[in-house]
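Q: Please read through the structure below; I'll follow up with questions.
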Amino acid sequence: MSADGVPPNDRGGREPGAGTELPATLHIAGLALSLVASPPTLACWSGSFPVSAGADPAEVNLVIEPPAPPQPATLRRAHDVVSRFDALVARAGEYCRVRLREEQYGLTAGELDRLDLPEPPWGLPEATVWTDRSWMIRFAESGLRMGDPYGILVTFDGTRPVDVQGADDE
């Protein structure tokens, strides 16, 4: 593992899941992600950013399906997300402020007004990076109907937000 948390390019060159043991902890850009209990069809590592006492931590998850040690490209994407987390959360928030004004989202007048407040009507960001290098930020808390009960999802293409939707039972 290099100093910036990105593994050397020769790591994980064998077929994903081919009898390899999953690392218990991944260190990515100074954040420790621990292997968590997952369905047998995937592997998931999760880590939380340090926060002040009483605050809820923001999380980053790395999901590999089928279960295997993460490949270098996936680790590089996770490194990009972790190292720029605050800026990417801000970008996702601004994207929501703009896109959620569109008629298709059906926000009420009161909800639209809340988009202009200094404190946005969402919080507690959580990033998830998948093995195909796609990723998203979920705002787990939301004061908008579309985010009830599971939050608002913002998907990215690289560092650019490309879609927003309410997280529901599906």
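The values are calculated or read from the model by the stated rules, or taken from the named source; none is laboratory data. On a predicted model such as this, the values are computed, not experimentally measured, just so you know. Cβ: placed from backbone, ideal geometry, glycine included. Neighbour counts: every protein chain shown. Note: areas computed on protein heavy atoms with side chains; ligands, DNA, RNA excluded. Shrake-Rupley method; radii C 1.70, N 1.55, O 1.52, S 1.80 Å.
Q: All but one of (1) small (Gly, Ala, Ser); (2) loosely packed, with under 13 Cβ neighbours inside 10 Å; (3) modelled with pLDDT under 95 hold for residue 17, so report the exception by its number.
A: In the conditions (1) small (Gly, Ala, Ser); (2) loosely packed, with under 13 Cβ neighbours inside 10 Å; (3) modelled with pLDDT under 95, residue 17 misses (2) alone.
Q: To continue, here is another question. Please enumerate the residues belonging to the range 157-170 that are open to solvent by 40 Å² or more (accessible area, probe 1.4 Å), within 17 Å of residue 115 (Cα to Cα) and aliphatic (A, V, I, L, M).
A: Result: no residue meets the conditions.
Q: Does the range 122-153 hold any residues that are farther than 23 Å from residue 50 by Cβ and of a type outside the set (D, E, K, R), and which are they?
A: Step one: of the range 122-153, the residues farther than 23 Å from residue 50 by Cβ are 130-134, 142-150, 152-153.
Selection gives 130, 131, 134, 142, 143, 144, 146, 147, 149, 150, 152, 153.
Q: Tally the residues that are open to solvent by less than 30 Å² (accessible area, probe 1.4 Å) and either in contact with a Gly (Cβ under 7 Å, 6 or more places away or on another chain) or not aliphatic (A, V, I, L, M) (or both), restricting the search to the range 94-127.
A: Number of matching residues: 6.
Q: Next up: Residues of the range 109-141 being small (Gly, Ala, Ser) and within 24 Å of residue 63 (Cα to Cα), which ones?
A: Step one: list which residues in the range 109-141 are small (Gly, Ala, Ser), which gives 109-110, 123, 127, 134, 140.
Once the filter is applied, which keeps residues that are small (Gly, Ala, Ser) and within 24 Å of residue 63 (Cα to Cα), the range 109-141 yields 123, 127, 134, 140.
Q: Go through the range 111-145 residue by residue and tally those that are in contact with a Leu (Cβ under 7 Å, 6 or more places away or on another chain), touching a residue at least 40 places away in the same chain (Cβ under 8 Å) and within 25 Å of residue 46 (Cα to Cα).
A: Selection size over the range 111-145: 3.
Q: Among the numbered criteria (1) of a type in the set (A, V, I, L, M, F, W, C); (2) open to solvent by 60 Å² or more (accessible area, probe 1.4 Å); (3) farther than 22 Å from residue 32 by Cα; (4) at pLDDT below 95, which single criterion is violated by residue 130?
A: Of the numbered conditions (1) of a type in the set (A, V, I, L, M, F, W, C); (2) open to solvent by 60 Å² or more (accessible area, probe 1.4 Å); (3) farther than 22 Å from residue 32 by Cα; (4) at pLDDT below 95, the odd one out for residue 130 is (3).
Q: Could you list all residues from the range 141-156 that are farther than 19 Å from residue 104 by Cβ, touching a helix residue (DSSP H, G or I) at 6+ places or on another chain (Cβ under 9 Å), open to solvent by 20 Å² or more (accessible area, probe 1.4 Å) and not charged (D, E, K, R)?
A: Going residue by residue through the range 141-156, those that are farther than 19 Å from residue 104 by Cβ are 141, 143, 149-150, 156.
Those still in the list that are touching a helix residue (DSSP H, G or I) at 6+ places or on another chain (Cβ under 9 Å) too: 141, 143, 156.
Those left that are additionally open to solvent by 20 Å² or more (accessible area, probe 1.4 Å): 141, 143.
Result: 143, single match.
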